[in-house]
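Here the structure comes first, spelled out in structure tokens, and everything after it is commentary.
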Amino acid sequence: MVAAETTRMPMVFSNAKGSDHPIIFVNQAFLTLTAFDENELLGKPFESLLEPGTDPEALTEIGTAFAGGRGLETQVRCRCKDHGPVWVTVFVTAVRDRDGRTVQHFASFVDISRDKEVESRLRIHLEQLEYRGEMMLASVKAIAVQLLQSAVGQQGVEDFERRVQALKVASQPDCVEPRVA
């Protein structure tokens, strides 16, 4: 237990025998991460550490780890007392007695808030880039249709528009390549 108390990695132990896996130990690193006092967490259900509205799939994974004793690694938002939630990767591992029975669960937390912020900014930039690309393509298409109308007729314009649409679809992620006539 001395190692768990002194490490810089946020850690929590919960009682495997309680139905809601009550917290029986939190280290100083976890208290620093969440700004809670130890007495505010001890005896509380493990799930109380998680932000309300946590992804149901992540909750199911955590429940499965507790029920089956298998290891787990998932990303969730952890509640904090004095500031908004922090994104963490939580690792849950069973602690077994000499007979192999699970008596506790050990959870360690890695703060990934900065990674999530960067991911969010990149997603916004990507959306802006996609929008600008769509607008550029629409402008090129409008100019080309005006020029082609008299030169190739309506059928030629329709063929051109179909090919431009195919380019647009092909540039979308996870698409099946369209057939161009």
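The values are calculated or read from the model by the stated rules, or taken from the named source; none is laboratory data. From a predicted model like this one, the values you see are computed outputs, not experimental measurements. Note: ideal-geometry Cβ built from the backbone for every residue, glycine included; neighbour counts use all protein chains shown. Accessible surface is based on the protein model in full, side chains and every heavy atom, while ligands, DNA and RNA are left aside. Shrake-Rupley method; radii C 1.70, N 1.55, O 1.52, S 1.80 Å.
Points to keep in mind about this one:
- For T32, solvent-accessible area (1.4 Å; no DNA, RNA or ligand), Å²: 100 Å²
- Positive-end extreme of charge dipole, the chain - chosen from G71, V26, N39 (charges on Cβ): G71
- Taking the 1.4 Å solvent-accessible surface of the chain as the whole, the part contributed by carbon and sulfur is 53%.
- On full extension, the segment bounded by A142 and L59 gains 24.9 nm, given 0.36 nm per residue less the C-alpha separation.
- Estimated inter-spin distance, Q149 and R101, nm [label 7 Å along Cα→Cβ]: 8.4 nm
- Per-residue SASA entry for V103, accessible area with 1.4 Å probe, Å² rounded to 10: 40 Å²
- Relative contact order for the chain: 15 percent, from Cα pairs under 8 Å spaced at least 6 residues apart, divided by residue count.
- By the rule of a C-alpha distance below 19 Å, with chain neighbours fewer than 8 residues away ignored, the lysines paired with K141 are K168.
- Surrounding net charge for M136, when Lys and Arg each add one and Asp and Glu each subtract one, Cβ distance under 12 Å: +1
- Nearest-20 debye value, the chain charge dipole, Cβ charges on Lys, Arg, Asp, Glu: 240 debye
- In the full protein context, segment 25-119 carries 54 Å² of accessible surface per residue, based on a 1.4 Å probe and ignoring ligands, DNA and RNA.
- Using a Förster distance of 30 Å, the FRET efficiency for Q28-E134 (Cβ separation, nearest 0.05): 0.05
- Candidate values [x] 51; [y] 55; [z] 36, label of the one derived for percent of Cα pairs over 24 Å apart: [y]
- Within straight-line reach of K17, meaning a Cα separation under 14 Å, sit the following aspartates and glutamates at least 8 residues removed in sequence or on another chain: D97.
- Counting only residues at least eight positions apart within a chain, or on another chain, the aspartates and glutamates with an alpha carbon under 19 Å from that of K116 are E51, D55, E57, E73, E127.
- Helical runs (DSSP H, four residues minimum) scored at -39500 (n - 2.57) apiece and divided by the length of the chain put the mean residue ellipticity at 222 nm at -16000 deg cm²/dmol.
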